[in-house]
Structure formats: C-alpha cells, structure tokens
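This report concerns only the one structure given below.
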Amino acid sequence: MKKISVVAAIALLATSSMIAKEVKVGVIMPITGAVAAYGQTAWAGIEMANRLEPKLKNGDSIKLILVDNKGDKVETTTSATRLVSDDKVAGLIGAMVTGNTQQVLQIADEKKVPMIAPAATADKLLDRAKYGARVTFMDSFQGTSFAAYALKADLKTAVIVIDQSTSYSIGLAKAFKKEYEKNGGKVLKELKISSGDKDFKAIVSQIASLNPSLVYMPFYHPEASLVIRQAKQIGLKTQFASGDGVSNDTFIELSGDASEGYLYTDAFDSSNPPTNRSKEFVAAYTKEKGSNDIPGFTALGADSYFLMIDAMNRCENPEDRECVNNKIKETKNFEGVSGIINIDKKGNAVRSVVIKEIKGGKAVYKDTVNP
C-alpha cells in the first residue's frame, strides 16, 4: 500500500511538472548609453522581484528576457518587435524615458501585448494606447506636488530651466509653472537647453543675475549635474531642484559636493517603506546588496514586475494577453514596493510622490505628497 502511494505521488509530481510551463516576460532597458543608470537600477529591481516571486500561483515559472535598447529609439523598436515576434513574450516591461517608452507602446498596441512602463511620466503617454500601463506618477502630479512643496518651503521666486529636446522636461516644467504661479509663486524667467549640451556658463550667469530663491530643472542627470557643478564654480548658492530624472546615485557621483542640498521628486524612499511588500523587498535587497539605500527606479522596476505577475495570476491562462491587459487596468489598491497603486482605465497610476534632499552624498527623505 505504501509502495503504491509513493508511486502515485511520483506520477502526480511528474504530471504537474508537465503541466507547469515557462511564461516569458520581455524587458527593454537602457543598460548602456547616456541613461544607462536608469535602466540598470530598474533592472536590479525587476531581477530582485523575480527572485522573490519566480512562479505564478498555478506553478508556471517566469522567464525574464532582457534586451538593452542603449537608450535609443530605433533600438527600442527593434527590441520590442523581436521580443514579441521571435521570443513570443506574454508581456513587456520598459523602457525608461518617455520617448523610448512611446516606441514600446506602439509595438505593444500593434501586436496586442500588455506592457507596463516603470518610469515614463508624460501626461499624454497612454491617451491613445490600448495595451499600456505604468506604475509611476504623471508629470502633472509630480510637477504640481513639487510646486506646492516649494511654496510651503518659502521658495517664492523661481527660474525654470527646460530641456527643449525632451517631452519629459517640457511637460514637467509646464505642470510646475502652472501650479506655482497659481498659488503665488513668481517665475522670473524660463531658460532653455538641449540634451547633450556641456557648457552652461551663460545659463548659470543668467540665474545669478536674476537671484531666484529656486532653480527648477526638470531634466535628466547628465545635464543637471553639469549645471550645478558650473553654478558652484561661480559661487551660486541658489536652491536647485529637479524631478525624478536625477533619481540615481550616478547624479550624485557626477555632481560631487555640488549636489549638497539638492531637492527632487521620487517614487520611493527606502527609509520609509510604505507597505508590507516594501519592508520585505528592503530586507531582501539589504541582505543581498549590503545596503538599504534603494533607488526609486529600482522600486518602480520591481513594481512593474509584481503588477504584471499579479495580473497574470488573475487570469485562467497567464499567456492570454487580452485578459492580462484587462486585469492590469482593473488593478485597485495594489500593494507595491513603492506604495499603494491604483490603475485607471487608461493605465495611469494614481499614487504618491516623495520629496528628497541630498545631504552628505545621500538622498534623505523630506516629505510625501498623496493624491
């Protein structure tokens, strides 16, 4: 009798192994190139999330397929097409910056594949998309949240420096300015740069002559670090601030002590884990990396993975792309690493914003703004 039970158990196990399958999820990230810091930190979160939750509830295992888009739009389109057509992925995560994420969205819609963006914040990103969603906030909320914080901190005059070559910078600057002026702030001037610029002497000289209490620079870390280093060279001590485009250690490394006191908006602060999943993730990350200083993009990368898995678990067939897409957009009160996330019918995330300040070469929690 005992022998029969053992044989039956082995047969059952073998049958289960045959039924369980491998579900592929494609990840498109800038692992090299100008914005590699974003992709590397987000990928670290996705990998960690996969190690913490490698299987679906039905026993299927999740296989991640990472492709480096080098931060390039053409590479992004090629990567997304290959993942869908050749690798037959059930879902996509990526890219990072708004322009590249738009390329992924285009392929996702054409091929009807559910896609989650970790960090793209442009307000209109998902207006026409049918198969896209995101776990980060929109520029309108990020910008208005920081404007409210700035005024509360008595920073009532501002110069806005805009990267005219990115929709991210233009959208964030517009949202900040509208809220700032509506509530009594005065924008002294708007200055313009372009991605890739290196010499900002004229910019910092103009800022110095205007003497604002705040300089708001909603663009990416390579240019932001150069601006503040060149500002320090002329002794300019105005308060500088950005959006989540500087949310990485590379910004601090490039800026050196010029980053001291810098303010920026982010999606997560590991010293204030907002959910049980946050606490579990911070504990696992700290054990593996030896540090509990977790970048916001790492948390957002993890949330992109966890949300995709959560939606798959709510479908009878996790490879049913239509079902997964619908379940993503039905998500309410999702307990993510970065906080509680609600997804609206367009795929936008309704969630909180964190304000941080750089002190002693570290990002320090300042405040949380809830929707």
Report summary line: So N272 and K189, fully extended at 0.36 nm per residue minus their Cα-Cα distance, gain in nm 26.3 nm
Report summary line: Hits in the stretch 76-91: amide N under 19 Å from the 7 Å Cα→Cβ extension of K21, namely 83-91
Query raised in the report: Against the longest alpha carbon principal axis of the chain, how many degrees, from 0 to 90 and to the nearest 10, is the axis of helix 167-182 turned?
Result: 60 degrees
Query raised in the report: Hey, if you put +1 on the Cβ of every Lys and Arg and -1 on every Asp and Glu Cβ in the stretch 285-371, which of G290, I341, N325 ends up farthest toward the positive end of that dipole?
Result: G290
Query raised in the report: Normalised by the number of residues in the chain, what is the relative contact order in percent for Cα pairs under 8 Å and 6+ residues apart?
Result: 17 percent
Requested in this report: Measure nothing fancy, just the Cα-based angle from helix 73-85's long axis to the longest principal axis of the chain, in degrees from 0 to 90, nearest 10.
Outcome: 10 degrees
Report summary line: In terms of the alpha carbon gyration tensor, root eigenvalues a ≥ b ≥ c, rounded if a/c is under 1.5 and otherwise prolate when a/b exceeds b/c or oblate, the stretch 95-208 is oblate
**Report entry** Of the GluC sites (Glu not before Pro) in the stretch 306-336, those whose Cβ has at most 11 other Cβ within 10 Å and which sit in DSSP loop
**Finding:** E316, E330
Requested in this report: Measure off, as a whole percent, the carbon and sulfur share of the 1.4 Å-probe accessible area of the chain, all protein chains present.
Outcome: 51 percent
Query raised in the report: Between rounded, prolate and oblate, where does the stretch 166-250 land on the alpha carbon gyration tensor, with a ≥ b ≥ c its root eigenvalues, rounded for a/c under 1.5, else prolate if a/b exceeds b/c?
Result: oblate
Requested in this report: Compute the Kirkwood hydrodynamic radius of the chain, taking the inverse of the mean of 1/r over all pairs of distinct Cα atoms, and give it in Å to one decimal.
Outcome: 21.3 Å
**Report entry** Gain upon complete extension [K156, K201; 0.36 nm per residue less C-alpha separation]
**Finding:** 13.8 nm
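For the stretch 25-121, which GluC sites (Glu not before Pro) pass both filters: DSSP loop (anything but H, G, I, E, B) and at most 14 other C-beta atoms within 10 Å?
Taking the stretch 25-121 and a limit of 14 other Cβ atoms within 10 Å, no loop GluC sites (Glu not before Pro) are found.
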Report summary line: With Cα coordinates, the longest principal axis of the chain makes an angle with the long axis of helix 2-19, in degrees rounded to 10, of 50 degrees
**Report entry** Charge sum, other residues only, whose C-beta stays under 13 Å from N211's C-beta, Lys/Arg counted +1 and Asp/Glu -1
**Finding:** +4
Query - the stretch 178-268, dipole about Cα centre (Lys/Arg Cβ +1, Asp/Glu Cβ -1), debye to the nearest 20 - result: 480 debye
Query raised in the report: For labels at D293 and E280 in the simple 7 Å Cα→Cβ model, what's the distance in nm?
Result: 2.7 nm
Query raised in the report: Taking Rh as the Kirkwood radius computed over C-alpha pairs, what is the Stokes-Einstein D of the stretch 223-263 at 20 °C in a medium of viscosity 1.002 mPa s, expressed in µm² per second?
Result: 211 µm²/s
Report summary line: Everything considered on the Cα gyration tensor (a ≥ b ≥ c; rounded for a/c under 1.5, else prolate if a/b is larger than b/c, else oblate), the stretch 225-353 must be described as prolate
Query raised in the report: Which FRET efficiency, nearest 0.05, do N313 and S61 yield, Cβ-Cβ r, R0 22 Å?
Result: 0.95
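The values are calculated or read from the model by the stated rules, or taken from the named source; none is laboratory data. These figures come from a predicted structure and were not determined experimentally. Because the Cβ atoms are built from the backbone with ideal geometry, glycine has one as well, and the counts that use them run over all protein chains shown. Side chains included, ligands, DNA and RNA excluded: accessible areas come from the protein's heavy atoms. Shrake-Rupley method; radii C 1.70, N 1.55, O 1.52, S 1.80 Å.
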